[in-house]
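J.: Please find one structure pasted underneath; my questions will follow.
The values are calculated or read from the model by the stated rules, or taken from the named source; none is laboratory data. Keep in mind it's a predicted model, so treat the numbers as computed, not measured. Heads up, the Cβs are rebuilt from the backbone with ideal geometry, glycines too, and the neighbour counts pull from every protein chain shown. To get the accessible areas, we keep the full protein, side chains included, count just its heavy atoms, and leave off ligands, DNA and RNA. Shrake-Rupley method; radii C 1.70, N 1.55, O 1.52, S 1.80 Å.
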Amino acid sequence: MKTNFKPWLYFLIVPFLVMAFGCNNTKDNKKNTTDSTTKVSTPVFVVQKENLQGNLKLPGELIAYQEVNIYAKVNSFVKDVLVDVGSQVHQGQLLATTEAPEINAQLSAAESKLKSLEATYIASDAAYKRLLNTSKTPGTISPNDLDLALAKQKSDFAQWQAAKAAYKEILDTKKYLTIQAPFTGMITLRNVNPGAYVGPSGKGQDVPMFVLQQRDRLRLVVLIPEQYSRYLTPDSKIHFKVKAYPDVDFTASINRMAGALDSKLRSQRIEMDVYNTDKRLLPGMIAEVNIPLFTKEPHLVVPKSAILYSTTGTFVLAVHENKVNWVPIQRGNEDSTRVEIFGNILPGDTLVQTVNEEIRDGSTLQHLIINSKNKQ
């Protein structure tokens, strides 16, 4: 059977089918695109001023309330050592004795000279007094002889006084041969034994004979960064812990504030007195200190999620007429969830509550949700 196929119909039907299929595919793509688009909502809030009480955790160091390196005053040899490491000593207690034979020789020579000059003064004083009594008879003693006798008496007296001072100096130096405790405390280091050569620091000895520390009262030293100096209050109660007693919460009060910043660290030194009657705490321990920070006047407060930390600085994202503006700020006092900010922000400004770098500076936000909890 012969089929009447007309080729020209093929060129008319095929393009029509292609156009019909393409139109349907385009409609489906538009429908899918429309369905996949979601409206992103951005929570914002109105910033206001508040009083914020926060806490600052910093490391601190416990040091002895008093500590001294004990050296020998004069070059000498150790004769006896009466204490050791761990010895509890009292003020004025004898720690060691030393000997220097040359000092005894110097003392003997000074004593002999003192007695000789004393005798010379006694003789010249007696001679002057005899001449003075004789001069009361007119014409017996010339005024010049009387003046010479008075001058010699004064000169001998001055030399006698100088000899007394020299003798006392050597006698005081001899007293330094006995080493005594300057205050009550504990010997924490001993570097000498009998027979050792000792002397002043940098001359006869490079290390101290003893190190004495007061342990019943310690100083807790903390360096406060510059930005938190404004929040410190004298006599504030602080809490701290040490690794040796992680289950014990120690307390102290701020007793001393330096009132100036360290030139290297730009921080202020504060000290707390810690009474350590049970001797549990040791000088040199590192403490984790929790310092309360009190805001004296209200400042702008935002949640921590509203602060953007970028490589170019610290910002908050202010919104005005749906436009985003990255505003540089500085942080102040903070608690667990909120932080004070300082910058070109005013009370009543609208800020993005949860920020990220995808919200670019100058971008437009169409769907804003104002958080009523941050409005007054």
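Each row is one residue, and each column tells you yes or no for (1) within 47 Å of the chain's Cα centre (by Cα); (2) open to solvent by 70 Å² or more (accessible area, probe 1.4 Å); (3) not acidic (Asp, Glu).
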| residue | (1), (2), (3) |
| --- | --- |
| Glu61 | yes, yes, no |
| Thr98 | yes, no, yes |
| Ile103 | yes, no, yes |
| Ala110 | no, no, yes |
| Lys113 | no, yes, yes |
| Asp125 | no, no, no |
| Leu131 | no, no, yes |
| Asp145 | no, yes, no |
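J.: Here are Ile141, Ile170, Ile179: which of them is farther than 30 Å from Thr295 by Cα and either part of a helix (DSSP H, G or I) or of a type in the set (Lys, Arg) (or both)?
T.: On the way: Ile141 fails: either part of a helix (DSSP H, G or I) or of a type in the set (Lys, Arg) (or both); Ile179 fails: either part of a helix (DSSP H, G or I) or of a type in the set (Lys, Arg) (or both).
Checking each option against the conditions leaves just Ile170.
J.: While we're looking at this one, here's another question. Among the residues of the range 253-272 satisfying the criterion of being of a type in the set (Gly, Ala, Ser) and surrounded by fewer than 18 Cβ atoms within 10 Å (Cβ to Cβ), which is nearest to Ile238 (Cα to Cα)? Give the derivation first.
T.: Step one: list which residues in the range 253-272 are of a type in the set (Gly, Ala, Ser), which gives 253, 258-260, 263, 267.
From the residues that got through so far, the ones that are surrounded by fewer than 18 Cβ atoms within 10 Å (Cβ to Cβ) too are 253, 258-260, 263.
Values: Ser253: 6, Ala258: 17, Gly259: 19, Ala260: 21, Ser263: 26 Å.
If we take residues in the range 253-272 being of a type in the set (Gly, Ala, Ser) and surrounded by fewer than 18 Cβ atoms within 10 Å (Cβ to Cβ), then Ser253 is nearest to Ile238 (Cα to Cα).
J.: Now for a separate question. Is at least one residue of the range 306-326 among the hydroxyl-bearing types (Ser, Thr, Tyr) and under 18 Å from Gly54 (Cα atoms)?
T.: Step one: filter the range 306-326 for residues among the hydroxyl-bearing types (Ser, Thr, Tyr), giving 309-312, 314.
When the remaining residues are screened for being under 18 Å from Gly54 (Cα atoms), the result is none.
Within the range 306-326, none of the residues are among the hydroxyl-bearing types (Ser, Thr, Tyr) and under 18 Å from Gly54 (Cα atoms).
J.: Farther than 26 Å from Tyr65 by Cβ, in contact with a strand residue (DSSP E or B) (Cβ under 7 Å, 6 or more places away or on another chain) and open to solvent by 30 Å² or more (accessible area, probe 1.4 Å), is that true of Thr314?
T.: On the way: farther than 26 Å from Tyr65 by Cβ: yes; in contact with a strand residue (DSSP E or B) (Cβ under 7 Å, 6 or more places away or on another chain): yes; open to solvent by 30 Å² or more (accessible area, probe 1.4 Å): yes.
So Thr314 passes the test.
J.: Take the residues of the range 211-246 that are over 20 Å from the mean Cα position of the chain (by Cα) and of a type in the set (A, V, I, L, M): which is surrounded by the fewest Cβ atoms within 10 Å (Cβ to Cβ)?
T.: Filtering the range 211-246 for residues that are over 20 Å from the mean Cα position of the chain (by Cα) and of a type in the set (A, V, I, L, M), the one surrounded by the fewest Cβ atoms within 10 Å (Cβ to Cβ) comes out as Ala244.
J.: To continue, here is another question. All but one of (1) surrounded by fewer than 18 Cβ atoms within 10 Å (Cβ to Cβ); (2) closer than 30 Å to Val242 by Cα hold for Glu321; state the number of the condition that does not hold.
T.: Only one criterion in (1) surrounded by fewer than 18 Cβ atoms within 10 Å (Cβ to Cβ); (2) closer than 30 Å to Val242 by Cα is unmet by Glu321, namely (2).
J.: Can you name the number of the only condition in (1) farther than 27 Å from Gly86 by Cα; (2) surrounded by 13 or more Cβ atoms within 10 Å (Cβ to Cβ); (3) free of Cβ contacts under 8 Å to residues at least 40 places away in the same chain that Phe250 fails?
T.: Every condition holds for Phe250 apart from (1).
J.: Here's something else I'd like to know. Do we have Glu288 as crowded, with 17+ Cβ neighbours inside 10 Å, at pLDDT 90 or above and under 16 Å from the mean Cα position of the chain (by Cα) here?
T.: On the way: crowded, with 17+ Cβ neighbours inside 10 Å: no; at pLDDT 90 or above: yes; under 16 Å from the mean Cα position of the chain (by Cα): yes.
No, not satisfied.
Residue by residue, here is whether (1) more than 30 Å from Asp278 (Cα to Cα); (2) in contact with an Asp or Glu (Cβ under 6 Å, 6 or more places away or on another chain); (3) without any contact (Cβ under 8 Å) to a residue 60 or more places away in the chain holds:
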position: Leu132; (1), (2), (3): yes, no, yes
position: Ile141; (1), (2), (3): yes, no, yes
position: Asn144; (1), (2), (3): yes, no, yes
position: Gln153; (1), (2), (3): yes, yes, yes
position: Asp156; (1), (2), (3): yes, no, yes
position: Ala165; (1), (2), (3): yes, no, yes
position: Glu169; (1), (2), (3): yes, no, yes
position: Lys174; (1), (2), (3): yes, no, no
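J.: Could you list, in sequence order, all residues of the range 66-96 that are over 30 Å from Tyr275 (Cβ atoms), open to solvent by less than 80 Å² (accessible area, probe 1.4 Å) and outside any loop (DSSP other than H, G, I, E, B)?
T.: Result: Ser76, Val78, Asp80, Val81, Ala96.
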